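Got a structure for you, written out below as structure tokens; questions coming shortly.
The values are calculated or read from the model by the stated rules, or taken from the named source; none is laboratory data. On a predicted model such as this, the values are computed, not experimentally measured, just so you know. Cβ: placed from backbone, ideal geometry, glycine included. Neighbour counts: every protein chain shown. Just the protein is used for accessible areas: all its heavy atoms, side chains included, with ligands, DNA and RNA removed. Shrake-Rupley method; radii C 1.70, N 1.55, O 1.52, S 1.80 Å.
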Amino acid sequence: MQIRSIKVFVYKDDQHYRLSGTSATPGLIPGTDYFRPPAWRQSYSRKVESCLIKITTDNGVTGWGEAQSPLLPETTASIIRHLLGPFLIGQNPLERSRIADDAYHLNNIRGHGTGFMVDAISGIDLALWDIAGKHYGASVCELLGGPFRRRLPAYVSGLRQPTIEEQCSAARRFIDEGFAGIKLFLGYGVAEDIKAIRSVRNAVPEAHLYCDLLWRYNVGDAILVARALEGEGYEWLEAPVAHENLDGYRKLVQSVDIPIASGEALRTPYEFQTWFENGAIEVAQPDVGRTGLSSGVKVASLAEARSIQVAPHVGVCSGIAMAATWQFAAAIPNFSVQENQLEILRRTNRILDQPLVVENGELLVPDAPGLGVAVDENMVLESSSDHFEV
């Protein structure tokens, strides 16, 4: 079996992520869909953007993958079009781990051992695992040696309502629907954050609660928020200081009792290894749209050897990356809980012939071969600003 063609889609679905409960785009960069909310340092798009990949073999088996690209999916697509796609033609798609390793070494010594280059490799890797599952008649979680579970406990990622009162009401509704917990997006200032931490806890006293500070604070202020979280029984503190501040994460781990979570910005086992060796992560959050499955399971194994739990990250993406994440979560022994982008899931299910299912707050891992989902290419095309074939 050989790879015959690769189709690439610059996916731009008309759905706003609504970080703070509104569809406003403050700080819009002229001539783009990208804006920078005043409460955060990073940019977002007013659309759901990603890079989708369809690989077809000479015997007609197809596999779908996704390289998470919440900004500039054209860049990821260009790497596939001009380098990785031509590299893949004629290769055996079942040699997925070898292909991922070879692809990584094509350009890593030029400083491209992370970022868009690895995102593109990861999207291809997901498609190759999808092909392998269809070839062997098994789901990806079975190929990975699982499943350890077929239903994933999940937390709702972010309360999108504009007021704290509305957020508390939504939190109550989500917990009553059966979700394991809720993660708050904070970083508005220590006093305001502590008020939100306590208000949501009062609304759902029995729930598992998590907090994401979106890299906003210095170590001293992050400790103040951490103490409040500890007092209210939160499960972890995510992304408290700048991602580049490895020493700051280590200091937080040493200074507070609440576990420190991070990992969505990391892509390779090499990067995660550095954080693990420095004692800077207590909950690992790899994103398979950025690591791929071949590297993702290596990250999970490195974490398992240190008794570190894995709570896979899911950000702005389509149902393809979500399905791959659920397969990954089902296959690793040290899985903790799954992030669920509830509003994005409802919309991105539209490109799947059969939707991903949430039942009583749990995520049902698809059991069909490969990633377990069938993609409607016509629907993908409707939401793509560009596409091409290698």
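Only residues in region 175-199 that are polar (S, T, N, Q) count as the first member; pair them with residues that are assigned to a helix (DSSP H, G or I) and surrounded by 14 or more Cβ atoms within 10 Å (Cβ to Cβ), Cβ under 7 angstrom, at least 6 apart or cross-chain, and list the lot.
What qualifies is Ser199/Ile164; Ser199/Cys168.
Take region 52-90 and flag every residue that is within 14 Å of Leu128 (Cα to Cα) and polar (S, T, N, Q).
Selection gives Thr56, Thr57, Thr62.
Further, regarding this structure: Of (1) open to solvent by 10 Å² or more (accessible area, probe 1.4 Å); (2) farther than 30 Å from Glu359 by Cα, Asp193 satisfies all except one. Which?
It fails just one condition, (1).
Picking from Leu371, Leu363, which residue would you name as being open to solvent by less than 40 Å² (accessible area, probe 1.4 Å) and out of contact with any Phe, Trp or Tyr (no Cβ under 6 Å at 6 or more places or on another chain)?
So the residue among Leu371, Leu363 that is open to solvent by less than 40 Å² (accessible area, probe 1.4 Å) and out of contact with any Phe, Trp or Tyr (no Cβ under 6 Å at 6 or more places or on another chain) is Leu371.
Do you know which residues across region 269-280 are open to solvent by 10 Å² or more (accessible area, probe 1.4 Å), in a loop (DSSP other than H, G, I, E, B) and on the phi < 0 side of the Ramachandran plot?
Once the filter is applied, which keeps residues that are open to solvent by 10 Å² or more (accessible area, probe 1.4 Å), in a loop (DSSP other than H, G, I, E, B) and on the phi < 0 side of the Ramachandran plot, region 269-280 yields only Asn278.
I need a count of the residues in region 22-41 that are out of contact with any Pro (no Cβ under 7 Å at 6 or more places or on another chain) and either in a loop (DSSP other than H, G, I, E, B) or surrounded by fewer than 12 Cβ atoms within 10 Å (Cβ to Cβ) (or both).
13
Okay, moving on. Out of all the residues in region 32-46, is one or more in contact (Cβ under 8 Å) with a residue 40 or more places away in the chain, over 24 Å from Val241 (Cα atoms) and within 17 Å of the chain's Cα centre (by Cα)?
No, that holds for no residue.
Looking at region 233-248, is at least one residue farther than 26 Å from Arg290 by Cβ and either at pLDDT 95 or above or in a helix (DSSP H, G or I) (or both)?
Yes, that holds for at least one residue.
Check region 286-296 and report whether any residue there is closer than 20 Å to Arg150 by Cβ, open to solvent by 10 Å² or more (accessible area, probe 1.4 Å) and in a helix (DSSP H, G or I). If you could, list the steps in order and put the result at the bottom.
Narrowing region 286-296 to residues closer than 20 Å to Arg150 by Cβ: 288, 293, 296.
If we keep only those that are open to solvent by 10 Å² or more (accessible area, probe 1.4 Å) too, we end up with none.
The answer is no, given that none of the residues of region 286-296 is closer than 20 Å to Arg150 by Cβ, open to solvent by 10 Å² or more (accessible area, probe 1.4 Å) and in a helix (DSSP H, G or I).
How many residues are outside any loop (DSSP other than H, G, I, E, B), modelled with pLDDT of 95 or more and surrounded by fewer than 17 Cβ atoms within 10 Å (Cβ to Cβ) when one looks only at region 332-360?
Here the count works out to 2.
Right, here's the next one. Of the residues that sit in region 380-390 and are surrounded by 15 or more Cβ atoms within 10 Å (Cβ to Cβ) and among the aliphatic types (A, V, I, L, M), which one is farthest from Gly85 (Cα to Cα)? Give the steps one after another, and end with the answer.
Going residue by residue through region 380-390, those that are surrounded by 15 or more Cβ atoms within 10 Å (Cβ to Cβ) are 380, 383-384, 387, 390.
If we keep only those that are among the aliphatic types (A, V, I, L, M) too, we end up with 380, 390.
Details: Val380: 19, Val390: 6 Å.
Ranking the candidates gives Val380 first.
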